[in-house]
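Any read-out appearing in this document is the output of simple, stated calculations on the displayed coordinates, not a laboratory observation. Small disclaimer: the values here were computed from a predicted structure and weren't measured. Cβ sites come from the backbone with ideal geometry, for glycine too, and all protein chains shown count toward neighbours.
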Amino acid sequence: MGAHHDKSFPGESSSYRVQRDTLLAAEKALRVQSEEVAALRRALPQGGAPSEDYELTDCASGKPVKLSELFEGGETSLAVYSFMYAEDAEAPCPMCTSLLDGLNGQARHIGARMNLAVAAKASPEKLNAWANKRGWSNLRLLSSGGNTYNVDYLAEDADGNQWPMMNVFQKNTDGAVNHFWGSELFWAEWEDGQHARHVDQLWPMWNVLDLSPEGRGADTFPALEYE
């Protein structure tokens, strides 16, 4: 099936339609490639087992919860986003905050098929205060300050610097938990003019900006507040 159709918009020129059809073919090819990449991801063999069943603090209840206990509702997949917010930080990462603003709105839909959580080194009190300010009512926030989860899953380096990571875990029929996938594009060599862009597909802001004539802009970054 080709990339042509019989639709048009008011006032468009023939040259516009020719170039739009060329773009449409590229958009279709990108969609096909996206599906192919997703299939390759699903075909990954079982990853390594965590070195321990990490005990985190559930920020909503204030109670400890183990990694293995985050699999709820009979779902066997768990995505954990590492939020760049340490206890000594004056404010969290604006980029992470932008991403989580969007995920908060989608969390209930995601939760119908897999579990989703957000982990950060900051204390439950500090995370709750920020979540309340942002209106994050649908995200499960976890404090990872009492274990090595961040270091083990590439969200923190030896100097204590925090890094953004999305990691996915799976729970097997015997109850064992294994790592499935991590957003390793963050650690791959960046292309000229591009940032890591390791979770762009999860981020409404960039995808919408890419539809505009101006594009996302090389120097565009989200802010914590706007005038």
In degrees rounded to 10, the 0-90 angle between helix 124-134 Cα long axis and the longest Cα principal axis of the chain is 30 degrees
Who wins for biggest fluctuation among VAL199, VAL18, VAL32 in a Gaussian network model of the chain, springs between alpha carbons below 10 Å?
-> VAL18
Looking at region 55-184, send over the antiparallel percent of its DSSP beta bridges, to the nearest 5.
-> 70 percent
First obtain the Kirkwood hydrodynamic radius of region 55-184 from its Cα pairs, then insert it into the Stokes-Einstein equation at 25 °C and 0.890 mPa s, and state the resulting D in µm² per second as a whole number.
-> 167 µm²/s
Length gain on complete extension for the stretch ARG31 to THR173, per 0.36 nm per residue less the alpha carbon to alpha carbon distance?
-> 47.8 nm
C-alpha long axis of helix 94-110 to longest principal axis of the chain, angle in ° | 90 degrees
What size of dipole, in debye to the nearest 20, comes out for the chain about its Cα centre when the only charges are +1 on Lys and Arg C-beta atoms and -1 on Asp and Glu C-beta atoms?
-> 880 debye
Could you work out the per residue convex hull volume over the alpha carbons of region 1-52, in cubic angstrom?
-> 121 Å³
For the chain, what is the relative contact order in percent, using Cα pairs closer than 8 Å and at least 6 residues apart in sequence?
-> 21 percent
Looking at this model, which pairs from LYS7/LYS28; LYS121/LYS171; LYS66/LYS171 are more than 19 angstrom apart at the alpha-carbon?
-> LYS121/LYS171
For the chain, what is the percent of antiparallel DSSP beta bridges, rounded to the nearest 5?
-> 70 percent
Which order do peptides 87-93, 50-56, 218-224 fall in by mean Cβ count within 10 Å, highest first?
-> 50-56, 87-93, 218-224
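Under the rule of -39500 (n - 2.57) per DSSP H run of 4 or more residues, summed and divided by the residues of the chain, what mean residue ellipticity at 222 nm is obtained, to the nearest 500 deg cm²/dmol?
My calculation for the chain gives -9500 deg cm²/dmol from helical runs alone.
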With Cα atoms, 0 to 90° folded angle of helix 14-42 axis to the chain main axis = 30 degrees
Just in region 1-100: which trypsin sites (Lys or Arg not before Pro) are loop by DSSP and have at most 14 other Cβ atoms within 10 Å?
-> LYS7
